[in-house]
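Chemist: Got a structure for you, questions after.
Coordinate-derived values only; no laboratory data. Computed from a predicted structure; not experimentally measured. Counting neighbours? That spans all protein chains shown, and the Cβs are built from the backbone with ideal geometry, glycine included.
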Amino acid sequence: MEDNRPNPDELLASLRQEEESEQKGKLKIFFGMAPGVGKTYTMLQAAQADAAKGVQVVVGYAETHRRAETEALLEGLEIVPRKKIEYKGTTLEEADLDTILAMHPYLVLMDELAHTNAPGSRHLKRYQDVRELLDNGINVYTTLNVQHLESCADTVAQIAGITVRETLPDEIFDKADEVELIDLTPDELFDRLAEGKVYTPERSKEAVKNFFRKGNITALREMALRVVAGRVDRQLKTYMQQKRIQGPWKSGLHLLALIGPSPTSMQLIRRTKNMADALDADWMALHVETAQSSGEKEKRQLALNINLVRQLDGEVITTSGNDLVQAALSVARKENITHIIVGKPWRGNRLFPVFTRKNFVNRLIGESGNIDVYMFGAEETPVGKRKRRIVFPEFTSKLGEYAVAAMAVVIAAVLCVPLVGKTGYQPVSFILLMVLTGLAGFLHIGPILLAATLGALSWNFFFIPPMYTFHIKNPTDILTFLMFYTIALLGGILTFRVRKQERLAVSREERTNALFHLTKQLAAAANVKDVIVVGTVDIKKYFGVDAFFLLRDGSGRLTDKKHLPEGFAFSEAEMGIADWVFKHSRPAGRFTETLPSGEYTYYPLKGSRTRPGVAAVKQNEAFAGETAIFWDTFLTQISSAIEHRYLGQAARKTALLNESDRLYKTMFDSISSELKIPVTAIMDASDRLLADGRAQSGIAQLYGEISKASRRLNRLINNLLSMSRIESGRLAVHLDWCDIRDPVRRVAESLAEELRPFRFDIVVPESMPLVKLDSELMEQVLHHLVYNSCRYAPAASTIRMKAFYDSNRLVLQEMDRGPGFASDVLPHVFDKFFRTADEKEGLSEGLGLGLAIVKGFVEAHKGTVSAENRKNGGARFTIQIPTEISYGNETTGLMK
C-alpha cells in the first residue's frame, strides 16, 4: 500500500496546473482534412447554439467565402468590426484584438487559426492573438486544417505537391481544451465542390485537377484522423496521471521495451520497433538503474542501446530502484503502457531460479495485472561458449579498499582481546558488527563481503571456545556464529545499496538543478552570443568537457564561426565531419560509429523548426547511461534557445523589411504618378511642335530628341506602374472574347518605327478560334517581347510572332535571330531589374522590368512563360495560357 501513495511533487504540480487552467479561457478547434469540409459552418452552428443558451458570443473573424448558408449563420451574432490595415497600397482586414479584449466576451470566434496577420498587426500570427485572448480568460472557437500543423507540413507537401506557407506549432493544437473533427468522405467533398459550396465552378474544376484529387484527400483524411487519435491518446494519459489512475486503459497500443547493458537488448529494441510498426503503435524503452555497479564495458553497451532507440525514433526513460519489477510496472502504469516487451529468460540453473532472470520474468507476469507481457528470444549462444547467467554482486573494487577492510577487522579484533576476560566473547560480536556497519558506509560490495567473512572467522578463531581453532563445541555458539555472519553480510549489503540509492537520488537532484539553472540563464540571455557563452560555461561545469559551437549562416550553411574562441580553428577534415553532422542531424566523430577518427565528437543542434548548428565536444570517453540522457536534454535546451533567438531576429528583420517595402511602395507609387503627368505634357508638346513644320532643321532635330526621350521616360514609368500593380495584388484580369490577331496587329502598329529595320512575320492559322483573355494585358506582354527583340536582333533579320491553340491552351511564341542568352543567364531573364551585358551601342536604357512584367501578366492569366535559345541562333519565348475558345456559336475548352 505504501507504493500506491501519490507522489507529493506530482500532486502539487497537478494542482498548480489545474489552477492555471481554470484562470485561462478554453480553446476549441474545429479540425478538418481540407478546405470545404464545413469547419466554419459547424463552428457557427455551435456558436448559435451557445447564444441561444444566453452565452455572450462575438465574432472576431469569420471567413464565409460568400457562401449563403454560412453567412446566414452570422445573423443574430454580434460582429466586431475588423481592423483595416494599409499594406502595399491595399487595404487588408484583420480581427480587432484590442476591441475584443476591451469587450471581454465569454466566447469569441476566430476563424483560420494558422492565418498570418497583415504587417503592422500586434502579432505575426493569428494563433498568437488567440493565445492572448485565452490568457485574458476569454473562450475561443477557431478552425484549422491538418496541413497547417508544423509536423504535417512536409508530409502534405510530399502528398499534394504544394508548399504550406502558413503553419503553427503543434503545441497550440495539443494544448487545446477540445478538438472536434469535421470529417467527410472524399466523395461528399467532391459533391460540395461540384455544387459550388467550396469554390466558384471555375476554381472548383481547377482545384479538382490539382489539390483536390481523390488520392490526396484520402491521404489527408487519414492524417487528420491519426492526429486527432494521437491527441486523444495523450489526453487520456494526462488525465490518468492527473487523477492518479493506475493503468493501463487499453484504448490504444503502447509498447515498452525493458533494456539494459546487454548486447541482446539491441535485438529486443529492433523487434519492439518492428512490432510497433506492425501494430501501428507508439513505443518507448525503459532502463532501470540499480545499486549494482556497472563496468566500463556495460556502460558503453548501454550507451549503444540508448542511441539505437533514438535512431529508431523511440523515447528513452530511465529510473532507479532495487526492485526491477516494481520500477518497470510503476513506469508502465504511469505511461499507460499496454504491452511490456522483455527478453526470454536464460536456460539453466533450474535449482536456483531466484538468482536468474527467470524469476524476474515470472514476477513481472504475475504482478503486471492487465498489462500484456511479450517475451522475445535472443540468438543462441554457442554451446562451448555459454556463460553462467547467475547474477552475482559486483566485486570489482580498488585494492586499497580491500586492505582497509582487512586492517579494520584485524585492529578491532586485537583491541577486543583484553576485553574477553572481563565481558566474555559474546559482546565482541557486537563490536565487530559495529565496525562492519561503519565500513559499509564508504566501501564497495567486494570489500564489505571480505570484512564480513574476516570478522566472522576472527570471532570464531580468536574468541569462541575452544580458542585458536575453527571448531565450535557449543551448539548455541554455532547458531550465534551463523546469525553473526548472516547479519554482517546482509547488513553490509543493504547499507551499501542504500548508499547507492542515495547517490543516484543526489545525482538526479543535481541534474535537475543544473537544468533549472541552465533554463534560467538561457531565458536571461539577450542574444545568440550570450546563449553560447552560457552553454559553453555550463557544459564545462557539469560535464567537464570543452564545447565549441558552429552555427548556420543566413543561407543555411555551417559557416558561422564567430562564436569560436579567438585564434581557434577546425581543420578541413574536422569541418567535413561537422558539415556531415549538420546535414544528417546525427552525431559523428570520436566515440561514434560515423567518422570515428575525428578529434572531437560532434552533436547536431536540433530545434523544433530549424537546425541551428553543431556542437563539437572534446571528451575523453563517450557519454553513457544516465549521463547520455542528461547530455541530450542539456543540448536540447541550448539548441532551443539558439533557435528562439534566431527566429526572433528573423521576425524583427522581416518586420523591418515589410515596413521598408511598404514605405518604398508608397513612395514609388507617388513618384510614378507624379512623373506621369509632366511626361505626358512634354510628349504632347513635342509632338505638336514637330507637326507644326515651321521650325528650323536644328530646332526640329532638338524637338525630335525631346519627343524620343519623353517617350522613353514614359515607357519606363509605365513599366514601373505595371510592376507595382503586379506586386501589390491590384492587377485585375478582365477576360473577354478576342481575336488574338488584334493585339498582335496593335503591337506591330505601335512599334512600327522600331520594327522598320526588321522583317516582322505574324503566323496565325486561318482556323484560329476566338480566345477568352484580357486583350489589353496580352497586348502589353507581346509589346515587351517584340520590343526586346528589336533591341537585340541584328538589322535585316526576322522577328516572328506565332500563335496557335493546343490541348486547351493558347500558345504564343515570339522568336528572333539575336545573340540569345548565355546558359547562366537563362534562369534569371524574368527577374526584376535583371539586365544582360548589352553589346549593341545605345542599349543601356531600361531598368530590366520588361520580361518581369511579361511573367507577371502571364501568370495573372494562370499561364506560364519560358525562354530558350534557338538551334541556329536567337531566342524564343513561349507563352501557354489555359483558356476557353469559341468557334462561332460553339464554345469549348476549359469551361465545357
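Chemist: Running Debye on the range 476-537 with equal point scatterers at the Cα sites and no solvent, what base-10 log of I(q)/I(0) appears at q = 0.22, 0.23 Å⁻¹?
Modeler: Evaluating at q = 0.22, 0.23 Å⁻¹ gives log10 I(q)/I(0) of -0.86, -0.89.
Chemist: Let me ask something else. For the range 731-826, which GluC sites (Glu not before Pro) are both in a DSSP coil and crowded by at most 11 other Cβ atoms within 10 Å? Kindly include the intermediate steps, with their values, before the conclusion.
Modeler: Values: sites: Glu749, Glu753, Glu754, Glu766, Glu776, Glu779, Glu814; in loops: Glu766.
Here the GluC sites (Glu not before Pro) that fit, given the DSSP loop and packing criteria, are Glu766.
Chemist: Arranged from highest to lowest average of other beta-carbon atoms within 10 Å per residue, in what order do the peptides 871-882, 107-118, 366-377 appear? Before the final figure, lay out each step's value.
Modeler: Working: 871-882: 17.2, 107-118: 21.6, 366-377: 14.0.
Ranked by mean Cβ neighbours within 10 Å, highest first: 107-118, 871-882, 366-377.
Chemist: Let me ask you something else. When only DSSP loop residues count, what trypsin sites (Lys or Arg not before Pro) in the range 431-500 have their Cβ near at most 15 other Cβ atoms within 10 Å? It would help to have the intermediate numbers written out before the result.
Modeler: Details: sites: Lys473, Arg497, Arg499, Lys500; in loops: Lys473.
For trypsin sites (Lys or Arg not before Pro) across the range 431-500 that sit outside H, G, I, E and B with at most 15 neighbouring Cβ atoms in 10 Å, the list reads Lys473.
Chemist: Here is a follow-up. Assuming R0 = 30 Å, can you tell me the calculated FRET efficiency for the pair Gln128 and His584, based on Cβ-Cβ distance, to the nearest 0.05? Each step should come with its number before you reach the end.
Modeler: Values: r = 33 Å, r/R0 = 1.11.
Plugging the Cβ-Cβ distance into 1/(1 + (r/R0)^6) gives 0.35.
Chemist: Would you mind getting me the FRET efficiency between Thr633 and Thr594? Use the beta-carbon distance for r and R0 = 25 Å, nearest 0.05.
Modeler: On the way: r = 22 Å, r/R0 = 0.89.
Efficiency for this residue pair is about 0.65.
Chemist: Which loop trypsin sites (Lys or Arg not before Pro) in the range 94-186, with loop taken from DSSP, have no more than 10 other Cβ atoms within 10 angstrom of their Cβ? Walk me through the intermediate numbers first.
Modeler: Values: sites: Arg122, Lys125, Arg126, Arg131, Arg165, Lys175; in loops: Arg122, Arg165, Lys175.
Here the trypsin sites (Lys or Arg not before Pro) that fit, given the DSSP loop and packing criteria, are Arg165.
Chemist: Place the peptides 818-831, 603-616, 31-44 in order of packing, highest mean first, counting for every residue the other Cβ atoms within 10 Å and averaging per peptide. Write down the numbers at each step before the final one.
Modeler: Values: 818-831: 14.6, 603-616: 21.3, 31-44: 23.5.
Ranked from most to least packed, the peptides come out as 31-44, 603-616, 818-831.
Chemist: Still on this structure, I have one more. If you count, for each residue, the other Cβ atoms within 10 Å and average over each peptide, how do 637-644, 529-536, 317-324 line up from highest to lowest?
Modeler: Numbers: 637-644: 21.4, 529-536: 19.4, 317-324: 16.4.
Descending mean neighbour count gives 637-644, 529-536, 317-324.
Chemist: On to the next question. Treat every Asp and Glu Cβ in the range 766-823 as -1 and every Lys and Arg Cβ as +1, leave all other atoms uncharged, and give the resulting dipole magnitude about the Cα centre to the nearest 20 debye. Provide the component values of the computation, followed by the final result.
Modeler: On the way: 6 positive and 7 negative charges, 43 e Å.
Around 200 debye, computed over the range 766-823.
Chemist: Principal axes first, then extents: for the Cα atoms of the range 539-655, list largest minus smallest coordinate on each axis, whole Å, largest first.
Modeler: 46, 32, 28
Chemist: Taking a virtual spin label 7 Å from the Cα of Arg363 along the C-beta vector, which residues in the range 304-348 bring their backbone nitrogen under 12 Å of it?
Modeler: Only 321-329 fall inside the zone, counting backbone N under 12 Å.
Chemist: How long is the gain from Asp191 to Asn370 if the chain were fully straight, where each residue apart is worth 0.36 nm and the alpha carbon distance is subtracted? Numbers along the way, then the final one.
Modeler: Details: separation 179, 0.36 × 179 = 64.44 nm, distance 4.66 nm.
Going from the current span to full extension adds 59.8 nm.
Chemist: Please give the length that would be gained between Ile79 and Ala796 if that part of the chain were fully extended, namely 0.36 nm times their separation in residues minus their C-alpha to C-alpha distance (nm, one decimal). Don't skip to the answer; put the middle values down first.
Modeler: Details: separation 717, 0.36 × 717 = 258.12 nm, distance 6.77 nm.
So the chain would gain 251.3 nm between Ile79 and Ala796.
Chemist: On to the next question. Measuring from a point 7 Å past the Cα of Glu178 along Cα-to-C-beta, which residues in the range 81-108 have an amide N at less than 15 Å?
Modeler: Hits in the range 81-108 for Glu178 at 15 Å: 106-108.
Chemist: Measuring from label point to label point, each 7 Å out along Cα→Cβ, what is the Leu482 to Val506 span in nm?
Modeler: Once both label points are built, they end up 3.9 nm from each other.
Chemist: How big is D for the range 724-809, in µm² s⁻¹ as a whole number, if Stokes-Einstein is applied with the Kirkwood radius of its Cα pairs at 25 °C and 0.890 mPa s? Please report the intermediate quantities before stating the final value.
Modeler: Details: Rh = 14.3 Å.
Roughly 172 µm²/s, to the nearest whole number.
Chemist: For Lys541 and Arg66 in one chain, what is 0.36 nm times their gap in residues minus the Cα-Cα distance, to one decimal in nm?
Modeler: Numbers: separation 475, 0.36 × 475 = 171.00 nm, distance 6.20 nm.
That pair, Lys541 and Arg66, stretches by 164.8 nm at full extension.
Chemist: What FRET efficiency, computed as 1/(1 + (r/R0)^6) with R0 = 51 Å and r the Cβ-Cβ distance, is obtained for Glu754 and Asp553, rounded to the nearest 0.05?
Modeler: Numbers: r = 46 Å, r/R0 = 0.91.
So, using R0 = 51 Å, E works out to roughly 0.65.
Chemist: Describe numerically, in nm with one decimal, the distance between label points set 7 Å from Cα along Cα→Cβ at Val733 and at Leu826.
Modeler: Between Val733 and Leu826, the simple spin-label model gives 2.6 nm.
Chemist: How large are Rg and Dmax for the range 89-139 when calculated on the C-alpha trace, in angstrom?
Modeler: Final numbers for Rg and Dmax: 11.0, 36 Å.
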